[in-house]
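Peer 1: There's a structure below that I have some questions on.
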Amino acid sequence: MTVDWAVLYRETYQDLVRFLHRKVWDADRAQDLAQEAFMRALDHEPDNPRNFLFTVAANLARDEARAAIRQRRHLTLIKSEEADRSVVDPVEEMEHEQRLAAVRRALDQLSDRDREVLLLWDAGMDYEEIAEQTGLAVKAIGTTLSRARRRLVEAHEALEDRDVARG
């Protein structure tokens, strides 16, 4: 079976960038990694091209994170998902960035499996694709997602409580 990479690109690129963005927390870097994932995938003829592409992307992001740790550089936070607004209220911008930073800190509190399952689901994958990507049973995905969401909320609330106690 020959993969129509142009169609896959059109159908998957935005989901892949969103997935990578939540791994590297830098919009430009996420786009670069998505392009790199497609470039590497072109040399292959996988049975499930979408899952293969997400696997390549996840590996690239993992390598990126390891390099960042070794070099002790900090990943940058995203500026704003609403960059196309003509008038930006500085207070709203700051609050938006604080909310994104809080979500990032909460995601960082999760296990790798919980974070991966949440990010794959957020990237538009269905349960079968998530199962194939993570090695979990398809029947376990719903429960794993539910628990991961609960843990994310709990981590977010705990961080908020800690911040309120400090402030």
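The values are calculated or read from the model by the stated rules, or taken from the named source; none is laboratory data. Here the structure is a predicted model, which is why all the values come from computation and not from measurement. Methodologically, a virtual Cβ is constructed for each residue, glycine included, from the backbone with ideal geometry; neighbour enumeration extends over all protein chains shown.
Peer 1: Pull out all pairs, ordered by first then second residue, where Cβ-Cβ is under 9 Å, the residues are six or more apart or on different chains, the first lies in segment 145-158 and is in the same structural domain as R115 (by TED's automatic domain parsing), and the second is hydroxyl-bearing (S, T, Y) and surrounded by 13 or more Cβ atoms within 10 Å (Cβ to Cβ).
Peer 2: L145/Y127
Peer 1: Say whether the condition of being outside the structural domain of Y127 (by TED's automatic domain parsing) and more than 24 Å from A101 (Cβ to Cβ) is met by at least one residue in segment 12-21.
Peer 2: Taking every residue of segment 12-21 in turn, at least one turns out to be outside the structural domain of Y127 (by TED's automatic domain parsing) and more than 24 Å from A101 (Cβ to Cβ).
Peer 1: Do we find that D122 is under 22 Å from Y13 (Cα atoms), within 17 Å of the chain's Cα centre (by Cα), at pLDDT 80 or above and loosely packed, with under 15 Cβ neighbours inside 10 Å in this structure?
Peer 2: So D122 passes the test.
Peer 1: Can I ask one more? If you take the residues of segment 89-119 that are farther than 23 Å from N59 by Cβ and aliphatic (A, V, I, L, M), which of them is surrounded by the most Cβ atoms within 10 Å (Cβ to Cβ)?
Peer 2: The qualifying residue surrounded by the most Cβ atoms within 10 Å (Cβ to Cβ) is A106.
Peer 1: Determine whether V103 is within 15 Å of the chain's Cα centre (by Cα), under 16 Å from R18 (Cα atoms) and at pLDDT below 85.
Peer 2: When the stated conditions are applied, V103 passes them.
Peer 1: So which residues in segment 1-30 are outside any loop (DSSP other than H, G, I, E, B), more than 23 Å from Q109 (Cα to Cα) and either among the hydrophobic types (A, V, I, L, M, F, W, C) or over 12 Å from the mean Cα position of the chain (by Cα) (or both)?
Peer 2: Within segment 1-30, W5, A6, V7, L8, Y9, R10, E11, T12, Y13, D28 qualify.
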